[in-house]
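Undergrad: Have a look at this one.
Rule-based calculations on the coordinates, nothing more; no lab input. It should be emphasised that the depicted structure is a prediction, and the values quoted were computed from it without experimental measurement. All Cβ positions, even for glycine, are placed from backbone atoms using ideal geometry, and neighbour counts span all protein chains on display.
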Amino acid sequence: MRCVDAEGEQIGVIPISQALNMARAAGLDLVEVAAQSQPPVCRIMDYGKFKFEQAKKEKSGKKNAAANKVKEIKFHANVEDHDYQTKLNRIREFLDEGHRVKVSLAFRGRENAHQEYGYQVIHRVLEDVQDIASGDKAPQKMGRFLYTLITPKPAAVRGKGA
């Protein structure tokens with residue numbers, strides 16, 4: 001089999017027994033890296049440390065994936081200006097953090113008779129965040145809710161970094 005030492009240097013093609021003896025002398029493990037190759041490749045390494053580093057890489061990958069969550073902000077058709085601005089600021093914070101934002105608007109009672117006000121609020125939100133985000137799809141009506149999804153633009157496009 002082909003053997004590689006702990007520093008990554010090629011030892012060459014040697015018998016398994018000799019590779020095992022070299023690993024024991026160094027106080028390390030002999031790990032088969034590529035079983036399908038001809039001859040098989042083995043490496044002398046600390047297997048526990050290798051497993052720990054692999055788990056650490058996997059965990060950091062999951063941490064970055066978790067940052068891409070969908071946050072939801074709820075409006076009503078007759079939202080006042082101050083409430084609108086507060087919720088708009090919160091949407092901008094979520095978008096700056098890299099989250100996608102679901103903007104939903106609930107119609108209550110007689111508001112169902114004037115759904116155009118709800119569409120105006122949703123379009124106003126999309127207009128106010130168009131510098132840092134884009135709407136994934138047009139506002140959709142589902143039951144008594146109207147909703148749309150907003151995705152942040154890449155940081156380079158927004159001008160926040162290289």
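Undergrad: Starting from region 44-55, take each residue that is assigned to a helix (DSSP H, G or I) and list its partners that are surrounded by 12 or more Cβ atoms within 10 Å (Cβ to Cβ), counting only C-beta distances under 6 angstrom and pairs at least six apart or across chains.
TA: Final answer for the pair search is Tyr47/Asp29; Tyr47/Val31.
Undergrad: Now for a separate question. Taking the criterion of being more than 30 Å from Arg144 (Cβ to Cβ), surrounded by 12 or more Cβ atoms within 10 Å (Cβ to Cβ) and hydrophobic (A, V, I, L, M, F, W, C), would at least one residue in region 47-70 satisfy it? Walk me through how you get there before you give the answer.
TA: Start the filter on region 47-70 by keeping residues that are more than 30 Å from Arg144 (Cβ to Cβ), which leaves 47-67.
Narrowing further to those that are surrounded by 12 or more Cβ atoms within 10 Å (Cβ to Cβ): 47, 50.
Then keep just the ones that are hydrophobic (A, V, I, L, M, F, W, C); that gives 50.
The answer is yes, given that some residue of region 47-70 is more than 30 Å from Arg144 (Cβ to Cβ), surrounded by 12 or more Cβ atoms within 10 Å (Cβ to Cβ) and hydrophobic (A, V, I, L, M, F, W, C).
Undergrad: Same structure, new question: For region 31-43, enumerate the residues that are touching a helix residue (DSSP H, G or I) at 6+ places or on another chain (Cβ under 8 Å) and touching a residue at least 24 places away in the same chain (Cβ under 8 Å).
TA: To start, the set of residues in region 31-43 that are touching a helix residue (DSSP H, G or I) at 6+ places or on another chain (Cβ under 8 Å) comprises 31, 42.
Selection gives Cys42 alone.
Undergrad: Among Leu146, Leu88, which is touching a Pro at 6+ places or on another chain (Cβ under 7 Å) and either assigned to a helix (DSSP H, G or I) or not polar (S, T, N, Q) (or both)? So that I can check it myself, show each step before the final result.
TA: Numbers: Leu88 fails: touching a Pro at 6+ places or on another chain (Cβ under 7 Å).
After ruling out the rest, the residue left standing is Leu146.
Undergrad: What residue, among those in region 134-157 that are among the hydrophobic types (A, V, I, L, M, F, W, C) and free of Cβ contacts under 8 Å to residues at least 40 places away in the same chain, is farthest from Asp96 (Cα to Cα)?
TA: Here is the first cut: in region 134-157, the ones among the hydrophobic types (A, V, I, L, M, F, W, C) are 138, 142, 145-146, 149-150, 155-157.
The next check asks that each one be free of Cβ contacts under 8 Å to residues at least 40 places away in the same chain; those that pass are 138, 142, 155-157.
Details: Ala138: 22, Met142: 28, Ala155: 9, Ala156: 12, Val157: 13 Å.
Checking each candidate, the answer is Met142.
Undergrad: Mind checking which residues of region 71-85 are part of a strand (DSSP E or B), in contact with a helix residue (DSSP H, G or I) (Cβ under 9 Å, 6 or more places away or on another chain) and closer than 21 Å to Arg144 by Cβ? Step through it out loud before you land on a result.
TA: First, the residues of region 71-85 that are part of a strand (DSSP E or B): 71-76.
Applying the additional criterion that residues be in contact with a helix residue (DSSP H, G or I) (Cβ under 9 Å, 6 or more places away or on another chain) yields 71, 73-76.
If the condition is that a residue be part of a strand (DSSP E or B), in contact with a helix residue (DSSP H, G or I) (Cβ under 9 Å, 6 or more places away or on another chain) and closer than 21 Å to Arg144 by Cβ, then Ile73, Lys74, Phe75, His76 are the ones that fit.
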